[in-house]
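These notes concern the structure reproduced below.
The values are calculated or read from the model by the stated rules, or taken from the named source; none is laboratory data. All values reported here derive from a predicted model rather than from experimental measurement. As a convention, Cβ positions derive from the backbone with ideal geometry for all residues, glycine included, and neighbour counts pool all protein chains shown. The protein model used for the area step is the full one, side chains on, heavy atoms only, and it has no ligands, DNA or RNA in it. Shrake-Rupley method; radii C 1.70, N 1.55, O 1.52, S 1.80 Å.
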Amino acid sequence: MAANDIAASSATPALARAASVPEDLRNHIERLKRERDAVILAHYYVAPEVQAVADYVGDSFYLAKLAKSLPQTTIVLAGVEFMGESAKLLNPEKTVLLPEPQADCPMAHMVEKAAVAAAREAYGDDLSVVCYVNSTVEIKSWSDVCVTSSNAVKIVSGLPQRHILFIPDRNLGRFVAEQCPDKHIILNPGFCPRHQDVSLEELLEAKAAHPAALVLAHPECTARVLAEADFIGSTAEIIDFAEASDAGEFIVVTVDGVAYELERRCARMGKRFHFTRTRPTCEGMESVTLAKVVSCLETASGAVEIARGEAAASAQRTLDRMLECAARV
Ligand code: 13P
Ligand code: SF4
(Lines give C-alpha, C1' and ligand atoms only; values in the text may rest on other atoms or scores of the structure.)
(Ligands and ions follow the chains in the order given, each with its own letter.)
Protein backbone atom coordinates (compact mmCIF):
# COMPACT_ATOMS: atom_id res chain seq x y z
CA MET A 1 0.00 0.00 0.00
CA ALA A 2 1.39 3.45 -0.95
CA ALA A 3 2.19 5.83 1.89
CA ASN A 4 -0.68 8.15 0.98
CA ASP A 5 -3.32 5.46 0.78
CA ILE A 6 -5.56 4.31 3.54
CA ALA A 7 -7.33 1.03 3.02
CA ALA A 8 -10.38 0.56 5.17
CA SER A 9 -9.40 -2.15 7.60
CA SER A 10 -9.01 -2.22 11.36
CA ALA A 11 -5.23 -1.92 10.87
CA THR A 12 -5.43 1.53 9.22
CA PRO A 13 -3.36 4.23 10.92
CA ALA A 14 -6.17 6.53 12.05
CA LEU A 15 -8.30 3.73 13.54
CA ALA A 16 -5.21 2.30 15.24
CA ARG A 17 -4.38 5.71 16.77
CA ALA A 18 -7.93 6.09 18.05
CA ALA A 19 -7.89 2.57 19.49
CA SER A 20 -4.61 3.28 21.27
CA VAL A 21 -6.23 5.54 23.87
CA PRO A 22 -5.90 3.53 27.11
CA GLU A 23 -9.07 2.53 28.94
CA ASP A 24 -7.97 4.22 32.19
CA LEU A 25 -7.40 7.52 30.34
CA ARG A 26 -10.86 7.27 28.77
CA ASN A 27 -12.32 6.68 32.26
CA HIS A 28 -10.35 9.64 33.63
CA ILE A 29 -11.78 11.88 30.88
CA GLU A 30 -15.32 10.65 31.59
CA ARG A 31 -14.85 11.42 35.32
CA LEU A 32 -13.52 14.92 34.58
CA LYS A 33 -16.43 15.62 32.22
CA ARG A 34 -18.93 14.63 34.92
CA GLU A 35 -17.17 16.76 37.56
CA ARG A 36 -17.08 19.82 35.26
CA ASP A 37 -20.46 19.22 33.62
CA ALA A 38 -18.52 19.30 30.36
CA VAL A 39 -19.03 18.01 26.83
CA ILE A 40 -16.29 17.55 24.21
CA LEU A 41 -16.89 18.73 20.62
CA ALA A 42 -14.27 17.98 17.97
CA HIS A 43 -13.77 18.95 14.35
CA TYR A 44 -13.05 16.20 11.76
CA TYR A 45 -9.55 17.63 11.24
CA VAL A 46 -8.20 17.00 14.77
CA ALA A 47 -6.16 13.93 15.69
CA PRO A 48 -7.96 10.54 15.67
CA GLU A 49 -7.38 9.99 19.39
CA VAL A 50 -9.04 13.36 20.14
CA GLN A 51 -12.01 12.54 17.89
CA ALA A 52 -12.24 9.16 19.65
CA VAL A 53 -12.82 10.70 23.10
CA ALA A 54 -15.17 13.43 21.86
CA ASP A 55 -18.91 13.30 22.51
CA TYR A 56 -19.65 14.87 19.14
CA VAL A 57 -17.53 15.21 15.99
CA GLY A 58 -18.54 17.21 12.93
CA ASP A 59 -18.02 20.01 10.45
CA SER A 60 -18.08 23.69 11.39
CA PHE A 61 -21.83 24.13 10.91
CA TYR A 62 -22.74 21.04 12.91
CA LEU A 63 -20.49 22.11 15.79
CA ALA A 64 -21.88 25.67 15.87
CA LYS A 65 -25.50 24.49 15.74
CA LEU A 66 -24.94 21.79 18.32
CA ALA A 67 -23.10 24.10 20.73
CA LYS A 68 -26.31 26.09 21.06
CA SER A 69 -28.45 23.12 22.02
CA LEU A 70 -26.34 21.30 24.61
CA PRO A 71 -27.35 21.17 28.28
CA GLN A 72 -23.80 21.07 29.73
CA THR A 73 -22.40 24.28 31.22
CA THR A 74 -18.88 23.72 29.86
CA ILE A 75 -17.98 23.09 26.22
CA VAL A 76 -14.51 21.81 25.35
CA LEU A 77 -13.97 22.71 21.70
CA ALA A 78 -11.26 20.58 20.11
CA GLY A 79 -10.63 22.78 17.10
CA VAL A 80 -9.15 26.14 16.17
CA GLU A 81 -9.80 29.51 17.78
CA PHE A 82 -12.68 30.69 15.60
CA MET A 83 -14.63 27.53 16.49
CA GLY A 84 -14.23 28.22 20.22
CA GLU A 85 -15.21 31.84 19.66
CA SER A 86 -18.32 30.85 17.70
CA ALA A 87 -19.40 28.49 20.51
CA LYS A 88 -18.84 31.29 23.05
CA LEU A 89 -20.68 33.92 20.97
CA LEU A 90 -23.64 31.57 20.66
CA ASN A 91 -23.48 30.70 24.39
CA PRO A 92 -22.15 33.75 26.25
CA GLU A 93 -23.26 32.33 29.60
CA LYS A 94 -21.33 29.06 29.18
CA THR A 95 -17.68 28.25 29.76
CA VAL A 96 -15.98 27.37 26.48
CA LEU A 97 -12.50 25.84 26.75
CA LEU A 98 -9.98 25.55 23.92
CA PRO A 99 -7.42 22.79 24.64
CA GLU A 100 -4.88 24.78 22.60
CA PRO A 101 -5.80 28.49 22.66
CA GLN A 102 -2.98 29.28 20.19
CA ALA A 103 -4.51 26.98 17.52
CA ASP A 104 -5.37 29.50 14.86
CA CYS A 105 -6.74 29.51 11.33
CA PRO A 106 -4.63 31.95 9.25
CA MET A 107 -7.51 32.64 6.88
CA ALA A 108 -9.65 33.91 9.78
CA HIS A 109 -7.68 37.20 9.71
CA MET A 110 -7.48 37.82 5.96
CA VAL A 111 -9.89 40.75 5.53
CA GLU A 112 -9.26 44.51 5.57
CA LYS A 113 -11.99 46.62 7.11
CA ALA A 114 -11.51 49.11 4.26
CA ALA A 115 -12.74 46.48 1.76
CA VAL A 116 -15.99 46.12 3.71
CA ALA A 117 -16.42 49.88 3.98
CA ALA A 118 -15.78 50.36 0.24
CA ALA A 119 -18.38 47.75 -0.74
CA ARG A 120 -20.96 49.24 1.64
CA GLU A 121 -20.28 52.67 0.18
CA ALA A 122 -20.63 51.38 -3.40
CA TYR A 123 -23.77 49.26 -3.03
CA GLY A 124 -25.60 50.55 0.07
CA ASP A 125 -28.66 48.53 1.09
CA ASP A 126 -28.39 46.23 -1.90
CA LEU A 127 -25.21 44.68 -0.42
CA SER A 128 -24.91 41.83 2.04
CA VAL A 129 -21.55 41.13 3.66
CA VAL A 130 -21.37 37.36 3.93
CA CYS A 131 -18.72 36.05 6.26
CA TYR A 132 -17.33 32.54 6.25
CA VAL A 133 -17.39 31.27 9.82
CA ASN A 134 -13.58 30.89 9.56
CA SER A 135 -13.13 34.48 10.73
CA THR A 136 -12.31 36.50 13.84
CA VAL A 137 -14.98 38.01 16.09
CA GLU A 138 -14.06 41.46 14.75
CA ILE A 139 -14.49 40.42 11.12
CA LYS A 140 -17.82 38.78 11.93
CA SER A 141 -18.90 42.03 13.57
CA TRP A 142 -18.45 43.91 10.26
CA SER A 143 -20.69 41.39 8.48
CA ASP A 144 -24.38 40.72 7.96
CA VAL A 145 -24.53 36.95 8.05
CA CYS A 146 -22.16 34.02 8.60
CA VAL A 147 -22.03 30.90 6.46
CA THR A 148 -20.09 27.65 6.48
CA SER A 149 -19.02 25.55 3.52
CA SER A 150 -22.09 23.34 3.96
CA ASN A 151 -24.69 26.12 3.77
CA ALA A 152 -23.02 29.04 1.91
CA VAL A 153 -24.72 28.43 -1.45
CA LYS A 154 -28.18 28.03 0.07
CA ILE A 155 -27.87 31.04 2.35
CA VAL A 156 -26.43 33.36 -0.33
CA SER A 157 -29.06 32.36 -2.89
CA GLY A 158 -31.82 33.14 -0.36
CA LEU A 159 -30.58 36.64 0.49
CA PRO A 160 -32.67 39.55 -0.87
CA GLN A 161 -29.59 41.62 -1.83
CA ARG A 162 -28.05 41.20 -5.28
CA HIS A 163 -24.54 42.32 -4.36
CA ILE A 164 -22.61 40.06 -2.01
CA LEU A 165 -19.21 40.80 -0.51
CA PHE A 166 -17.92 37.35 0.37
CA ILE A 167 -15.15 37.32 3.04
CA PRO A 168 -12.53 36.05 3.79
CA ASP A 169 -12.17 33.02 1.44
CA ARG A 170 -11.83 33.79 -2.28
CA ASN A 171 -12.04 30.09 -3.16
CA LEU A 172 -15.29 29.38 -1.34
CA GLY A 173 -16.56 32.76 -2.60
CA ARG A 174 -15.79 31.83 -6.21
CA PHE A 175 -17.48 28.44 -5.76
CA VAL A 176 -20.59 30.19 -4.36
CA ALA A 177 -20.54 32.67 -7.26
CA GLU A 178 -20.58 29.79 -9.75
CA GLN A 179 -23.59 28.25 -8.02
CA CYS A 180 -25.46 31.57 -7.67
CA PRO A 181 -25.31 33.20 -11.15
CA ASP A 182 -28.04 35.72 -10.22
CA LYS A 183 -25.81 37.31 -7.61
CA HIS A 184 -22.97 39.72 -8.10
CA ILE A 185 -20.31 38.28 -5.79
CA ILE A 186 -17.36 40.46 -4.83
CA LEU A 187 -14.37 38.37 -3.80
CA ASN A 188 -11.79 39.10 -1.12
CA PRO A 189 -8.20 37.87 -1.46
CA GLY A 190 -8.20 35.54 1.62
CA PHE A 191 -7.53 31.81 1.36
CA CYS A 192 -6.77 28.71 3.37
CA PRO A 193 -3.05 28.00 2.94
CA ARG A 194 -3.65 24.24 3.34
CA HIS A 195 -6.23 23.95 0.56
CA GLN A 196 -4.62 26.61 -1.62
CA ASP A 197 -1.41 24.56 -1.64
CA VAL A 198 -2.99 21.37 -3.00
CA SER A 199 -1.31 21.06 -6.37
CA LEU A 200 -3.12 20.18 -9.56
CA GLU A 201 -0.08 18.16 -10.64
CA GLU A 202 -0.25 15.99 -7.55
CA LEU A 203 -3.98 15.53 -7.96
CA LEU A 204 -3.54 14.45 -11.58
CA GLU A 205 -0.81 12.07 -10.43
CA ALA A 206 -3.20 10.54 -7.87
CA LYS A 207 -5.91 10.26 -10.55
CA ALA A 208 -3.50 8.50 -12.90
CA ALA A 209 -2.54 6.07 -10.12
CA HIS A 210 -6.20 5.43 -9.19
CA PRO A 211 -8.25 5.91 -12.37
CA ALA A 212 -11.42 4.40 -10.87
CA ALA A 213 -11.41 6.71 -7.85
CA LEU A 214 -13.92 9.56 -7.45
CA VAL A 215 -12.39 12.90 -6.47
CA LEU A 216 -14.01 14.49 -3.40
CA ALA A 217 -12.86 18.06 -2.73
CA HIS A 218 -13.44 20.86 -0.24
CA PRO A 219 -14.59 24.19 -1.77
CA GLU A 220 -11.58 25.95 -0.18
CA CYS A 221 -9.46 24.41 -2.97
CA THR A 222 -8.46 26.38 -6.07
CA ALA A 223 -10.59 26.45 -9.23
CA ARG A 224 -8.04 24.25 -11.06
CA VAL A 225 -8.35 21.55 -8.42
CA LEU A 226 -12.15 21.81 -8.11
CA ALA A 227 -12.47 21.42 -11.89
CA GLU A 228 -11.22 17.84 -11.41
CA ALA A 229 -13.70 17.00 -8.62
CA ASP A 230 -16.64 14.60 -8.88
CA PHE A 231 -18.08 15.99 -5.65
CA ILE A 232 -17.48 19.27 -3.80
CA GLY A 233 -18.59 19.72 -0.21
CA SER A 234 -17.81 20.43 3.43
CA THR A 235 -15.93 17.85 5.49
CA ALA A 236 -19.19 16.28 6.68
CA GLU A 237 -20.61 16.23 3.15
CA ILE A 238 -17.46 14.57 1.79
CA ILE A 239 -17.65 11.87 4.46
CA ASP A 240 -21.40 11.32 3.92
CA PHE A 241 -20.89 11.14 0.16
CA ALA A 242 -18.12 8.55 0.45
CA GLU A 243 -20.18 6.40 2.81
CA ALA A 244 -23.31 6.50 0.63
CA SER A 245 -21.55 6.15 -2.74
CA ASP A 246 -21.50 2.90 -4.69
CA ALA A 247 -17.89 3.64 -5.65
CA GLY A 248 -15.15 1.78 -3.84
CA GLU A 249 -12.26 4.22 -4.20
CA PHE A 250 -11.86 7.93 -3.56
CA ILE A 251 -9.22 10.65 -3.77
CA VAL A 252 -9.92 12.96 -0.86
CA VAL A 253 -8.86 16.57 -1.37
CA THR A 254 -9.04 18.16 2.04
CA VAL A 255 -7.09 18.05 5.31
CA ASP A 256 -6.18 14.46 6.17
CA GLY A 257 -7.85 14.51 9.61
CA VAL A 258 -11.01 13.33 7.82
CA ALA A 259 -9.30 9.96 7.30
CA TYR A 260 -10.38 8.79 10.77
CA GLU A 261 -14.12 9.29 10.20
CA LEU A 262 -13.86 7.88 6.66
CA GLU A 263 -12.15 4.76 8.02
CA ARG A 264 -14.53 4.49 10.98
CA ARG A 265 -17.67 4.65 8.82
CA CYS A 266 -16.39 2.66 5.86
CA ALA A 267 -14.20 0.07 7.60
CA ARG A 268 -16.39 -2.88 6.75
CA MET A 269 -17.25 -1.75 3.22
CA GLY A 270 -13.77 -2.33 1.81
CA LYS A 271 -13.61 1.25 0.51
CA ARG A 272 -10.23 2.78 -0.23
CA PHE A 273 -9.22 6.41 0.27
CA HIS A 274 -6.22 8.20 -1.22
CA PHE A 275 -4.69 11.60 -0.64
CA THR A 276 -2.35 13.65 -2.82
CA ARG A 277 1.36 12.86 -2.36
CA THR A 278 1.75 15.88 -0.08
CA ARG A 279 -1.01 15.07 2.39
CA PRO A 280 -2.80 18.31 3.35
CA THR A 281 -2.43 18.93 7.08
CA CYS A 282 -3.59 21.83 9.25
CA GLU A 283 -1.04 23.00 11.82
CA GLY A 284 -3.65 24.58 14.08
CA MET A 285 -5.82 21.48 14.17
CA GLU A 286 -2.82 19.21 14.69
CA SER A 287 -1.72 21.20 17.72
CA VAL A 288 -4.87 20.11 19.58
CA THR A 289 -3.48 16.99 21.25
CA LEU A 290 -5.18 14.52 23.56
CA ALA A 291 -2.85 15.56 26.42
CA LYS A 292 -4.08 19.16 26.01
CA VAL A 293 -7.72 18.05 26.04
CA VAL A 294 -7.10 16.23 29.34
CA SER A 295 -5.17 19.13 30.81
CA CYS A 296 -7.85 21.67 29.96
CA LEU A 297 -10.49 19.45 31.57
CA GLU A 298 -8.30 19.09 34.67
CA THR A 299 -7.49 22.77 35.09
CA ALA A 300 -10.27 24.55 33.15
CA SER A 301 -7.54 26.34 31.19
CA GLY A 302 -8.02 27.87 27.74
CA ALA A 303 -11.30 29.63 28.55
CA VAL A 304 -12.50 31.73 25.60
CA GLU A 305 -13.06 35.33 26.70
CA ILE A 306 -14.89 37.76 24.43
CA ALA A 307 -15.30 41.32 25.69
CA ARG A 308 -19.00 42.15 25.86
CA GLY A 309 -19.98 45.12 23.77
CA GLU A 310 -21.02 46.27 20.36
CA ALA A 311 -18.58 44.04 18.39
CA ALA A 312 -19.51 40.85 20.26
CA ALA A 313 -23.24 41.59 19.93
CA SER A 314 -22.88 42.23 16.21
CA ALA A 315 -20.76 39.08 15.68
CA GLN A 316 -23.31 37.04 17.63
CA ARG A 317 -26.10 38.36 15.38
CA THR A 318 -24.26 37.14 12.26
CA LEU A 319 -24.09 33.62 13.71
CA ASP A 320 -27.70 33.67 14.91
CA ARG A 321 -28.73 34.86 11.45
CA MET A 322 -26.83 31.94 9.90
CA LEU A 323 -28.73 29.49 12.10
CA GLU A 324 -32.07 31.14 11.22
CA CYS A 325 -31.32 31.23 7.47
CA ALA A 326 -30.05 27.63 7.48
CA ALA A 327 -33.23 26.48 9.24
CA ARG A 328 -35.33 28.17 6.52
CA VAL A 329 -33.53 26.85 3.43
P1 13P B 1 -15.93 22.41 7.31
O2 13P B 1 -17.02 23.35 7.65
O3 13P B 1 -16.09 21.74 6.01
O4 13P B 1 -15.72 21.43 8.43
O5 13P B 1 -14.58 23.25 7.12
C6 13P B 1 -13.84 23.76 8.16
C7 13P B 1 -12.52 24.16 7.70
O8 13P B 1 -11.78 24.79 8.39
C9 13P B 1 -12.15 23.78 6.36
O10 13P B 1 -10.82 24.08 6.17
FE1 SF4 C 1 -8.14 27.25 8.60
FE2 SF4 C 1 -7.41 25.90 6.49
FE3 SF4 C 1 -6.94 24.87 8.90
FE4 SF4 C 1 -9.43 25.01 7.91
S5 SF4 C 1 -7.73 23.79 7.13
S6 SF4 C 1 -8.79 25.59 9.97
S7 SF4 C 1 -9.36 26.92 6.78
S8 SF4 C 1 -6.05 26.74 8.03
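Observations on the structure shown:
- Axial C-alpha extent at least 24 Å, average Kyte-Doolittle at least -0.5 - helices from the chain (DSSP): 310-328
- The residues of the chain have, on average, 42 Å² of accessible surface per residue, using a 1.4 Å probe with all protein chains present.
- Surface composition of the chain: carbon plus sulfur atoms hold 50% of the accessible area, using a 1.4 angstrom probe and ignoring ligands, DNA and RNA.
- Taking Cα centre as origin and charging only the Cβ of basic (Lys, Arg, +1) and acidic (Asp, Glu, -1) residues, the dipole magnitude of region 168-304 rounds to 100 debye.
- Applying 1/(1 + (r/R0)^6) with r as the Cβ-Cβ distance of residue 267 and residue 35 and R0 = 22 angstrom yields a FRET efficiency of 0.05.
- Checking every one of the GluC sites (Glu not before Pro) in region 227-329 against DSSP loop status and a limit of 10 other Cβ atoms within 10 Å picks out 305.
- Region 207-287: C-alpha pair distances exceeding 22 Å, %: 17
- Label point distance in nm, residue 277-residue 23, each placed 7 Å from Cα along Cα→Cβ: 4.5
- Cross-link reach is defined here as a Cα-Cα straight distance under 26 Å, omitting same-chain residues fewer than 8 places apart; for residue 292 the lysines meeting it are 33, 65, 68, 88, 94.
- Normalising by residue count, region 170-329 has a Cα convex hull of 177 Å³ per residue.
- Shape box of the chain [Cα atoms, principal axes, largest first, Å]: 57, 52, 31
- Think of it as helices only: each DSSP H run of n ≥ 4 in the chain is worth -39500 (n - 2.57), and spread over all residues that comes to -12500 deg cm²/dmol at 222 nm.
- Think of region 141-254 as having a plus end and a minus end, set by charges on the Cβ of Lys, Arg, Asp and Glu; of 152, 250, 226, 152 sits farthest toward the positive end of this dipole.
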